[in-house]
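> Below is a structure I'd like to ask you about.
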Amino acid sequence: MTLKMRLRLTQARKGAEAATARGLGKAAEHLLGESRQEVPLEEGTLSRSGTSVVDRSDLNAAVYYDTVYAVRQHEELTWRHDAGRKAKYLEDPLNREQQTMLALVAAEVRRALT
């Protein structure tokens, strides 16, 4: 009896990369959603400016808020905010949700490789 196996490593690598990009997208969207629950809210402009993007070529994801005052709002710890809203509205959810985001990426890769 002869057993033949064909390894398609290039195809597997490409599948894993595509799955990683999908997982990064899900993780970035998760972070965006969590941060929107804490972002200072007066008129909603800052919250609506939140965006998540994935660079598939480098397998990097980013979540950012795009207003001229977003960084200052994030870093100014002395400013007062409505209940549940605060500075560090992106950093704190990033630290708190790290394991969930890793699990989202891992699940996509696992699905692609099984």
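> Restricting to DSSP loop positions (anything but H, G, I, E, B) with no more than 15 other Cβ atoms inside 10 Å of their own Cβ, which chymotrypsin sites (Phe, Trp or Tyr not before Pro) remain in the stretch 24-114?
Filter output for the stretch 24-114: TYR69, TRP79.
> While we're here: Tabulate in residue order the Karplus-calculated ³J(HN,Hα) for the stretch 63-78, using 6.51 cos²θ - 1.76 cosθ + 1.60 with θ = phi - 60°, rounded to whole Hz; enter x for Gly and Pro.
Once rounded to whole Hz, the list reads 10, 8, 10, 10, 10, 5, 10, 4, 5, 4, 4, 5, 8, 7, 7, 8.
> Per DSSP helix of 4 or more residues, -39500 (n - 2.57); summed, then divided by the residues of the chain. What does that give at 222 nm, rounded to the nearest 500?
Details: 5 runs with 60 residues, N = 114.
Mean residue ellipticity, 222 nm, calculated: -16500 deg cm²/dmol.
> Same structure again: Convex hull over the Cα atoms of the stretch 1-71, averaged projected area in nm²? Provide the component values of the computation, followed by the final result.
Values: hull surface 26.4 nm².
Seen from a random direction, the Cα hull of the stretch 1-71 projects 6.6 nm² on average.
> What's the local net charge at GLN37, with K and R +1, D and E -1, over the other residues with C-beta under 15 Å away?
-1
> Accessible area per residue, 1.4 Å probe, Å², for the chain: what's the number?
71
> Compute the signed sum of charges (Lys and Arg +1, Asp and Glu -1) over the other residues within less than 11 Å, Cβ to Cβ, of GLU76.
Details: positive: ARG72, ARG80, LYS86, LYS88; negative: GLU75.
Taking every Cβ under 11 Å from that of GLU76, the sum is +3.
> Shifting gears a bit: Work out how much length THR100 to THR51 would gain on full extension: take 0.36 nm times their residue separation and subtract the Cα-Cα distance, in nm to one decimal.
15.7 nm
> Please give me, ordered by residue number, the trypsin sites (Lys or Arg not before Pro) of the stretch 1-70 that lie in loop per DSSP and have at most 15 other Cβ atoms within 10 Å.
Sparse-neighbourhood loop trypsin sites (Lys or Arg not before Pro): LYS4, ARG6, ARG8, ARG56.
> If you take every residue apart from THR67 with its C-beta less than 13 Å away from the C-beta of THR67, what net charge results, scoring Lys and Arg +1 and Asp and Glu -1?
Around THR67, the surrounding residues sum to -1.
> Ok, one more. Given the chain, what count of lysine pairs have C-alpha atoms under 26 Å apart, with each pair 8 or more places apart or on different chains?
4
The values are calculated or read from the model by the stated rules, or taken from the named source; none is laboratory data. All figures in this text were calculated on a predicted structure; none of them were measured in a lab. Using ideal geometry, Cβ is built from the backbone for each residue, glycine included, and neighbour counts are taken over all protein chains shown. Accessible surface is based on the protein model in full, side chains and every heavy atom, while ligands, DNA and RNA are left aside. Shrake-Rupley method; radii C 1.70, N 1.55, O 1.52, S 1.80 Å.
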